[in-house]
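The values are calculated or read from the model by the stated rules, or taken from the named source; none is laboratory data. These numbers come from a predicted model, not from an experiment. Counting neighbours? That spans all protein chains shown, and the Cβs are built from the backbone with ideal geometry, glycine included. Keep in mind that these areas ignore ligands, DNA and RNA; they rest on the heavy atoms of the full protein, side chains included. Shrake-Rupley method; radii C 1.70, N 1.55, O 1.52, S 1.80 Å.
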Amino acid sequence: MPGTEGTPSLARRLALRLAALGLDPRPLFQRVRNLMLRPARHELADLRRDFSSLPPELAGLRERVARMDAGQAELQARLARLDAQLNESREAATEQLRRIERMESLLASLADATSPKRSTAETLVSIVLPVRNRASLVGEAIDSVVAQRYPHWELIVVDDGSEDDTAAAVSAYLKDTRIRLERIASAGAAAARNHGLRLSRGEFIAYLDSDNLWYPGFLDAAVAALDADASTALLYGVLLSNEHDLSGGPVLFEEFDRERLLQANYIDLNTVVHRRGLYERLGGFDEGLTRLIDWDLLLRYTKERAAYALPAFAARYRRADAQRITDNEPAGPNWLKLREKNDPLPVPTRRPKILYVVWHYPQLSESYLEGEIRCMLRMGVDIELWREVGPASPYPASVPVHEGDLADVVARVRPDAIHVHWLGYAVAQREMLERIGLPLTLRMHGFDVTPDQLARLLAMPCLHRVYAFPAQLQLPGGDDPRMRPVRSAFDTSYFSPAADKDPHLVVRAGACLPSKDIGLFFDVAKRCPRHRFVFAGVTCNEWEPYVDELRRLREQMQSPVELRFDVPREETAALIGRAGIYLHTIHPPSAPHGAPIGMPISIAEAMSTGCYPLVRNQPELIAYVGDAGDAYADAADATRLVQASEGWSAAEWKARRLRAIDRAYLHHADMQVLRPIYLDWCALAERRG
């Protein structure tokens, strides 16, 4: 590659070296600047001593200086923490690079000994290399192909709508007739790879990303292995990387295990070579996915025949810029699609019929109940529902609703099982449920869960299964074999990742109940005038007057919060989808109006759209949001977190959004979370015949 003219300055060389390590040089330069400014700080200290003898009328100035001192001390403390983090990151990155260099040294010295016998075949290998806006990197990837000891290949570079000089960078290599450049309108990685596959002519097919590199003996070893064993349809080699969170060093290479591959991908596409027949029979990459397209391809291509783990160095994985799909697209929604494709629900011999027994329905505040019902209907469950009372804030029901004598309804509906929400409600209906005698399944929540109530429930002979939040299994009786951990599950048909987020819109949605501490939401809104706060509240049975109390409280506090009551679920979902921040409020269990904490569904709903969630510093809620959000102690603390977000860059907002979406989909997507309940109901239906 052509070199640059001139000699970079010391600062420039240092910045380039730190960037190569994946580190930001700005904190280090800031520290140097602080050292250079140290004499000026000494002069400032002398001035402070002079101010101490000034007349009383300058006391205000002394106070300002004192505040400056405090601010400077806090800044210095933060700089010290950043310096420590920088040192730790630099040491870790340096150690990883040392390991990779040692591996590459081993490769160079033992290549002939460790690689399989050099291939004498002339089988054509088609290499598909998609690229977008990587003019400064793509040449190195092409160089690593040209350097292959195996000469019989064609390289198809697909420019996916680049807006820089990528095409010019690739054109410099076109004098090699084995290389061709195809330019298409931007369509994404899957479409770009498929375009290359359609143009390919080789019997074997391989893939290389534009920011990664191949080792010279890879194709030689791969072709020799495929020629030696006609039963091998796909193989993968050794990847060296410092970006895969590998506990055992920089090497990613393990024997093939289909069951493990179903759980997570441990094969990098840059190390894969497969026969053309797989593509012709099973198709290329799924263009309906925005991430995990390599995992999807591997799952399909290894379903009938195991892959071969080739003990040869294949590729070097690099994090060269911020254009990786990993940095720009959420994995969670794609993960859910893959799970549904590769592990579909079993088709029962008999469709389960379930009677829900609840206090009130359809009640807007009970979105967890409606979301569960809608999901079970999509799974194919036949559902009807009995309610004791009507709702305070209704909406159109999704299933037939019955009232009156429960025993009469059971006789007419003839369900396979009865399903109840709320521990306390099941205990209250204990006599009737035991008299009916059908298998009982129960979904626990948070507010009414106590050890005494759980003990009463577990004593019911008709109880078949209890679905509790994971933390609730620590309660006495949580080890009962009928207890199962089931997290909160958001409705994926209502909530999904939102592309357009307003970082100044702060939302809270929930029931209008004293336990929700909506006053804290009002307080934070008053302290954050540059943000817009909206509370979407729902009127609750037996608490109807509380809506007016909230209106009066807002007026008394002179809070700018916008109040919206009893709006349709679609409007609430759209509001949360626009919000950048979701501020969840609740009284701690030990406080007045406090209650046991479960897994409030509104938090998962908000995270699924990409909201930055803020929650009370309660263990259950901190575990709920994980690294997707933050916890606060009081209104002042919540205010600090909201205001701090104003200083975030677009990249930080994007990272927060991706973490929230992934956490929601990986842990709370309805079709996966509720699957155990569905399987239990199928088993009950088959047992009843």
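Ordering 512, 488, 529 by Cα displacement along the dipole of the range 475-536 toward the positive end leaves 529 in first place; charges were set at the Cβ atoms of Lys, Arg (+1) and Asp, Glu (-1).
Count charges around residue 589 for me, please; just the other residues with Cβ under 15 Å from its Cβ, Lys/Arg as +1, Asp/Glu as -1.
Details: positive: 516, 616; negative: 448, 517, 620.
Summing Lys and Arg as +1 and Asp and Glu as -1 gives -1.
Is the range 475-531 rounded, prolate or oblate when judged by the Cα gyration tensor, a ≥ b ≥ c being the square roots of its eigenvalues, rounded requiring a/c under 1.5 and prolate requiring a/b larger than b/c? In terms of gyration-tensor shape, oblate. For residue 649, the accessible surface of its heavy atoms amounts to roughly 60 Å² (probe 1.4 Å, protein chains only, rounded to the nearest 10).
In nm, what is the difference between 0.36 nm times the number of residues separating residue 259 and residue 686 and their Cα-Cα distance?
Working: separation 427, 0.36 × 427 = 153.72 nm, distance 2.75 nm.
Stretched fully, the residue 259-residue 686 segment lengthens by 151.0 nm.
Need one word for the range 337-473: rounded, prolate or oblate. Basis is the Cα gyration tensor (sqrt eigenvalues a ≥ b ≥ c); a/c below 1.5 gives rounded, then a/b vs b/c decides. Mind dumping the intermediate values first?
On the way: a/c = 1.31, a/b = 1.18, b/c = 1.11.
Since a/c stays below 1.5, the shape of the range 337-473 is classed as rounded.
Beta bridges from DSSP with both residues in the range 340-427: antiparallel share about 5 percent, rounded to the nearest 5. At a probe radius of 1.4 angstrom, the accessible area of the range 335-475 per residue rounds to 40 square angstrom.
Counting only heavy atoms of the protein chains and using a 1.4 Å probe, residue 171 has close to 60 Å² of accessible surface.
Share of carbon and sulfur in the accessible area of the range 173-302 stands at 48%, probe radius 1.4 Å.
Around the Cα centre of the range 126-284, unit charges on the Cβ atoms of Lys, Arg, Asp and Glu (plus for the first two, minus for the last two) sum to a dipole of about 600 debye. Counting protein heavy atoms only, the range 589-650 has 55 percent of its accessible area on carbon and sulfur, 1.4 angstrom probe.
For the range 335-345, putting each phi into the Karplus relation 6.51 cos²θ - 1.76 cosθ + 1.60 with θ = phi - 60° gives couplings of 4, 5, 4, 5, 4, 5, 6, 9, 9, x, 5 Hz, in residue order, rounded to whole numbers and with x for Gly and Pro. Here the accessible area of the range 356-437 is 47 percent carbon and sulfur, with a 1.4 angstrom probe and all protein chains present. For the range 185-217, chymotrypsin sites (Phe, Trp or Tyr not before Pro) meeting the loop criterion (DSSP other than H, G, I, E, B) and having at most 10 other Cβ atoms within 10 Å: none.
A probe of 1.4 angstrom, applied to the heavy atoms of all protein chains, finds residue 492 with accessible area near 40 square angstrom.
Does the range 128-202 come out rounded, prolate or oblate by the C-alpha gyration tensor, with a ≥ b ≥ c the root eigenvalues, rounded set by a/c under 1.5 and, if not, prolate when a/b is larger than b/c and oblate if not?
Details: a/c = 1.97, a/b = 1.23, b/c = 1.61.
Oblate shape, in that a/c is at least 1.5 and b/c is the bigger or equal ratio.
Whole-Hz Karplus values for the range 438-450 come out as 6, x, 10, 10, 9, 9, 7, 10, x, 5, 10, 8, 9 Hz, taken residue by residue from phi with 6.51 cos²θ - 1.76 cosθ + 1.60 and θ = phi - 60°; glycine and proline positions read x.
Where does each of 324, 81, 687 land when they are ordered by accessible area, with a 1.4 Å probe and the largest first?
Details: 324 25, 81 130, 687 165 Å².
The ranking, largest first, comes out as 687, 81, 324.
Applying a DSSP loop filter and a limit of 10 other Cβ atoms within 10 Å to the GluC sites (Glu not before Pro) in the range 125-224 leaves 163.
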